[in-house]
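Pasting a structure here, questions to come.
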Amino acid sequence: RKVNRLAQNGAPTKALKVAYSQLIDAVEKHSEKALENAVKVAVEEKTRYTVERIARTESARAWLDGYLRKYEDNERVTAHKWKLSSRHPVFDICDMYAKADMYGLGKGVFPKDKIPNLPVHPHCLCHLAPVYLSKLKGKKQKENIKEAVDKWLKTLPKQEQYKVLGLDGLKAWQNGADWRNYARNYSIDYAKTRLKDLNIKLKNDIIKVSKITLFAQPNAITERISSKGGIERNFYDEKGRQYKQIANNNHGNAKNHPYGKHGEHAHDYIYDKEGKLVNRTTKELTDDERKEVEDIL
């Protein structure tokens, strides 16, 4: 019965299911040679499955490191939205993270410093998406974890409540207990990047260009070496509009760029409601901006 349950809902255990089924057949046929081969194959398939599980889980953890490092110093990104994997076969706590409004910012939206740790469980392929300040206009952050999840749980059929809390947890919650003591894989630890501790500066797939354009692919970062040898790094928003340029030089025009030690400065691009560029300001680099592009200063 347990073997037949393998590979349900698209679980990555088809090869393991076949190997175990062949092992059972060999036992039933009382064939010593067939049994020896079946055991060998079953052990190898179980080993392969375990290795793939570790690789998949650690890949997700490495992705989180890079993602957090990319956005941690971006002042325009103030929260992150939990996104279920397109291949999310079983209802579990990941659904809770994606659908409960724990901080008053919307379903599945978490402040930068309150993101649940990823991956939540082995094989977890959930991910995050940046939420920009403009998307949260009119919303006020308020921690409401217990009440929000209580409300969400009450909307679920009992079978799905059980999948999140377990049998004992479901009974306890129905009797007034705190769900946080029973939710499977729930943790009070928040996500943190390991790259910061290693002092690694990510390039975030910076695209080398020969010409700067006002529009590019969404969230892109491009870089151009000017004719005078300086570096200009350009940042684009979720709509593909350039919102900032940081230069490590004065463009050969010290009079109009009396900034920094070597003329390093930033240009901010301002758009109206229709998305039309209305202004381009020039300013001294902030401490955060200097940290963001320290590799070219």
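The values are calculated or read from the model by the stated rules, or taken from the named source; none is laboratory data. Every value quoted in this text rests on a predicted model; they were computed, and no experiment measured them. Using ideal geometry, Cβ is built from the backbone for each residue, glycine included, and neighbour counts are taken over all protein chains shown. When the accessible area is computed, the model is the full protein with side chains, heavy atoms only, and any ligands, DNA or RNA have been set aside. Shrake-Rupley method; radii C 1.70, N 1.55, O 1.52, S 1.80 Å.
Determine the sum of side-chain charges near ALA98: Lys and Arg each +1, Asp and Glu each -1, restricted to other residues whose C-beta is under 9 angstrom from that of ALA98.
Charge balance near ALA98 sits at +3.
Moving on to the next point. Rounded, prolate or oblate, given the Cα gyration tensor of segment 48-114, with a/c below 1.5 counting as rounded?
The shape class here is oblate.
Take peptides 113-124, 218-229 and line them up by average Cβ neighbours within 10 Å, highest first, as a rough protection proxy.
113-124, 218-229
What accessible area per residue comes out for the chain, rounded to a whole number of Å², with a 1.4 Å probe?
On a per-residue basis, the chain sits at 60 Å².
Another one. Pull up the cross-link candidates among the lysines for LYS14, meaning alpha carbon to alpha carbon under 25 Å and not fewer than 8 places away within one chain.
Filter leaves LYS2, LYS29, LYS33, LYS40, LYS46, LYS163.
How large, in percent, is the carbon and sulfur part of the accessible surface of the chain at a probe radius of 1.4 Å? Kindly include the intermediate steps, with their values, before the conclusion.
Details: 8980 of 17850 Å².
Result for the chain: 50 percent of the exposed heavy-atom area is carbon or sulfur.
What's the long-distance tail for the chain, i.e. % of Cα pairs beyond 32 Å?
So the portion of pairs separated by more than 32 Å is 47 percent.
Continuing with this model, one more query. Calculate how steeply helix 32-71 sits against the longest principal axis of the alpha-carbon atoms of the chain, using the helix alpha-carbon long axis, and give the answer as 0 to 90 degrees to the nearest 10.
Roughly 20 degrees, rounded to the nearest 10.
If we count every other residue with Cβ under 12 angstrom of LEU165's Cβ, Lys/Arg +1 and Asp/Glu -1, where does the sum land? Let's see the in-between values first.
Details: positive: LYS158, LYS163, LYS171, ARG180, ARG184; negative: ASP92, ASP150, GLU160, ASP168, ASP178.
Net charge in that neighbourhood comes out at 0.
Just check segment 93-152 against the gyration tensor rule for me: Cα atoms, a ≥ b ≥ c as the square roots of the eigenvalues, rounded for a/c under 1.5, and otherwise prolate or oblate depending on whether a/b exceeds b/c.
It is oblate, given that a/c is not under 1.5 and a/b is not larger than b/c.
Can you give the angle from 0 to 90° between the axis of helix 145-154 and the longest principal axis of the chain, with both taken from C-alpha atoms, to the nearest 10?
Orientation of helix 145-154: about 50 degrees from the principal axis.
Right, here's the next one. Strictly over 19 Å apart at the Cα level, which of LYS239/LYS276; LYS135/LYS239; LYS107/LYS139; LYS83/LYS114; LYS70/LYS228 would you flag in this model?
Pairs exceeding 19 Å: LYS70/LYS228.
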